[in-house]
């Protein structure tokens with residue numbers, strides 16, 4: 001049973017068809033990678049899944065434990081709040097002036113907001129809110145520990161080195177308690193050692209936290225190593241899908257990445 | 001080496017002199033005079049020559065001693081670094097001073113009145129700080145909520161004979177309602193566009209008050225607004241028959257200062273309430289969401305935060321404190337008219353927030369004191385008052401572009417160990 005089912009997804013920007021009739025599925029507790037050359041429409045698919053764009057055609061359904069959410073019908077923020085789809089961004093989007101810990105607490109806004117009785121219990125300093133806040137800080141500490149950043153908790157997020165900011169963004173997404181985690185080029189700009197650590201982190205999230213992961217990545221060593229399934233996009237179309245080994249040997253994929261030989265084009 | 005430096009300095013000075021000349025000819029060079037044959041024009045080119053000369057040699061000297069261009073900033077002393085905890089100590093001392101101030105022997109009526117004005121602006125600054133400093137929504141029409149609060153109190157007190165204590169929360173709620181009304185159409189706007197719409201909203205309120213004569217008295221305003229009483233005991237030499245006045249209650253000699261000192265403590269309490277509320281909110285989820293929204297709205301949405309609620313709550317709560325301040329203003333002045341709520345008021349309040357350092361509570365206090373006290377102290381130089389004031393603002397912004405207090409205290413800390 002797949003967690004996410006995307007059917008006939010089509011997105012147009014004016015005359016440009018950015019995503020053209022793409023269907024794929026992402027299984028629960030698996031890592032599904034979306035790869036493809038630049039401009040293939042990968043990030044557009046993400047933006048659609050997380051509600052920043054509305055698709056022109058198509059259906060995106062998330063289903064787990066007998067519940068179903070039709071993502072294309074939901075308001076942007078509810079996709080994270082109710083369906084539990086969290087994401088990171090290609091160009092990191094932290095709250096730079098806030099501390100690392102505050103970034104993780106903002107991610108738990110909905111839980112804390114309910115516990116604070118829409119600020120009234122919080123203003124009065126009631127115990128119920130304090131307990132909830134302590135729990136939120138503990139969850140934040142847990143994720144800081146997982147990404148190895150506990151010692152940086154009180155630092156300004158914007159002052160962190162690049163690699164730490166990437167990890168913090170993943171930790172922040174996980175603090176929302178997601179069912180599906182969408183990572184948009186998490187290894188971009190990381191050195192090989194950091195990439196390896198990232199791959200290990202993503203795998204642990206899949207195995208220990210039971211979260212499905214959708215991954216856009218250009219670093220093929222990371223993709224081939226951790227993905228359970230790969231979807232290949234080119235010019236907005238899906239050109240291949242399968243296990244890493246199947247995709248690696250697929251002639252369409254090789255052609256998309258390396259370009260067609262001239263005699264092939266002629267024929 | 002030295003030759004090129006002198007040549008460069010000469011060039012720079014020449015350029016500055018040219019700019020000065022272009023500005024001085026129309027501004028200083030001509031003067032309208034009233035003669036027997038009606039209006040005439042007098043030329044003052046000697047003044048222009050003096051001005052341009054001063055600019056030329058001044059700039060030349062500056063360029064020679066300074067070495068390179070454009071590092072005026074390097075000559076300003078750096079802001080001293082305060083150890084952590086200074087803020088709390090300073091705040092505590094200021095609070096003690098604020099409580100003791102009207103009882104000090106040096107405090108005369110004029111001083112207390114000025115202090116009340118400063119505190120009104122501190123409160124308005126703290127209120128606007130929620131919207132601009134925390135939520136990052138540039139609001140140029142904040143004075144509208146101040147006006148709503150003032151007119152709400154004035155109209156309720158005059159028409160329905162309601163007491164100040166009952167009107168105060170109503171004025172706040174009404175202003176908050178207006179905050180939400182303003183908030184809805186501007187939900188999608190940010191930055192400059194938001195500023196323009198809020199500016200228009202502020203003007204709309206003022207113009208409605210100016211023109212709707214039956215409702216607000218139009219340009220004549222509303223006069224004889226009831227003064228506040230001490231929880232039912234009026235500040236008067238003689239109460240109405242059967243009524244105890246404040247000075248009788250405490251067995252004091254009647255003095256007009258009693259009411260002023262009472263007003264002072266009233267606004268102090270209201271301002272401190274605003275401060276307490278804001279500081280408290282900052283540590284709650286809503287407050288963190290405000291700041292997160294200021295930092296990155298897209299990330300907020302991706303984390304499942306409803307930006308509509310967050311923005312509206314900031315607008316409503318900021319407006320509510322503006323409304324409280326407005327009700328206080330009405331009862332203090334006893335007279336209000338649309339003139340008190342012009343755009344310049346919004347600009348001053350915004351300047352207080354920006355100058356103080358966006359989001360900093362302490363900064364607002366310092367900036368409000370500066371912006372209200374400096375023009376007051378400069379009264380002796382009445383002609384040059386605004387020039388000196390403008391220069392002081394320019395210097396501060398050169399010196400501290402992030403505002404006087406740029407430090408941001410985290411709303412939560414992770415304790416080491418455990």
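The values are calculated or read from the model by the stated rules, or taken from the named source; none is laboratory data. What you see is a predicted model, and the numbers here were worked out from it, not measured in a lab. When we count neighbours, we look across all protein chains shown, and the Cβ atoms used for this are built from the backbone with ideal geometry, even at glycine.
Taking the criterion of being under 18 Å from residue A:51 (Cβ atoms) and either assigned to a helix (DSSP H, G or I) or more than 8 Å from chain A (Cβ to nearest Cβ) (or both), the residues of segment B:290-302 that qualify are B:292, B:293, B:297, B:298, B:299, B:300, B:301, B:302. Tell me yes or no: at least one residue of segment B:367-378 is part of a loop (DSSP other than H, G, I, E, B) and under 21 Å from residue B:405 (Cβ atoms). No; the residues of segment B:367-378 include none that is part of a loop (DSSP other than H, G, I, E, B) and under 21 Å from residue B:405 (Cβ atoms). Does residue B:67 meet the test of being at pLDDT below 80, on the phi > 0 side of the Ramachandran plot and surrounded by 10 or more Cβ atoms within 10 Å (Cβ to Cβ)? Taking the combined requirement at face value, the residue satisfies it. Residues that are exposed (fewer than 15 other Cβ atoms within 10 Å of the Cβ), closer than 30 Å to residue B:291 by Cα, at pLDDT 90 or above and within 14 Å of chain B (Cβ to nearest Cβ) are absent from segment A:173-186 altogether. Among the numbered conditions (1) surrounded by fewer than 18 Cβ atoms within 10 Å (Cβ to Cβ); (2) more than 26 Å from residue B:318 (Cα to Cα); (3) free of Cβ contacts under 8 Å to residues at least 40 places away in the same chain, the only one that residue B:246 does not meet is (1). Screening residue A:255 against (1) assigned by TED's automatic domain parsing to the domain that holds residue A:37; (2) assigned to a helix (DSSP H, G or I); (3) at pLDDT 90 or above; (4) more than 30 Å from residue A:66 (Cα to Cα) leaves a single unmet condition, (3). For segment A:83-102, the set of residues classified as within 8 Å of another protein chain (Cβ to nearest Cβ) and part of a helix (DSSP H, G or I) consists of A:101, A:102, listed by residue number.
Just checking, does segment A:5-20 include any residue being out of contact with any strand residue (DSSP E or B) (no Cβ under 6 Å at 6 or more places or on another chain), in contact (Cβ under 8 Å) with a residue 12 or more places away in the chain and outside any loop (DSSP other than H, G, I, E, B)? Within segment A:5-20 (the criterion being out of contact with any strand residue (DSSP E or B) (no Cβ under 6 Å at 6 or more places or on another chain), in contact (Cβ under 8 Å) with a residue 12 or more places away in the chain and outside any loop (DSSP other than H, G, I, E, B)), the answer is yes, since at least one residue qualifies.
Comparison of A:101, A:4 shows that the only residue that is touching a helix residue (DSSP H, G or I) at 6+ places or on another chain (Cβ under 8 Å) and not assigned by TED's automatic domain parsing to the domain that holds residue A:248 is A:101. When residue A:107 is tested against (1) more than 9 Å from chain B (Cβ to nearest Cβ); (2) at pLDDT 90 or above, only condition (1) is not met.
The residues listed here are A:157, A:173; of these, the one that is more than 17 Å from the chain's Cα centre (by Cα), touching a residue at least 60 places away in the same chain (Cβ under 8 Å) and under 22 Å from residue B:298 (Cβ atoms) is A:157. When residues in segment A:154-196 are screened for being assigned to a loop (DSSP other than H, G, I, E, B) and under 22 Å from residue A:34 (Cα atoms), 9 of them pass. Within this structure, residue A:217 fails the test of being in the same structural domain as residue A:47 (by TED's automatic domain parsing) and out of contact with any strand residue (DSSP E or B) (no Cβ under 8 Å at 6 or more places or on another chain). Just a yes or no: is a residue in segment B:255-269 under 20 Å from residue B:107 (Cβ atoms), modelled with pLDDT under 95 and outside any helix (DSSP H, G or I)? So far as segment B:255-269 goes, yes, one or more of its residues are under 20 Å from residue B:107 (Cβ atoms), modelled with pLDDT under 95 and outside any helix (DSSP H, G or I).
Can you name the residue in segment A:118-132 that is more than 9 Å from chain B (Cβ to nearest Cβ) and over 30 Å from the mean Cα position of the chain (by Cα) and is also nearest to residue A:144 (Cα to Cα) among such residues? Taking the candidates together, the pick is A:130.
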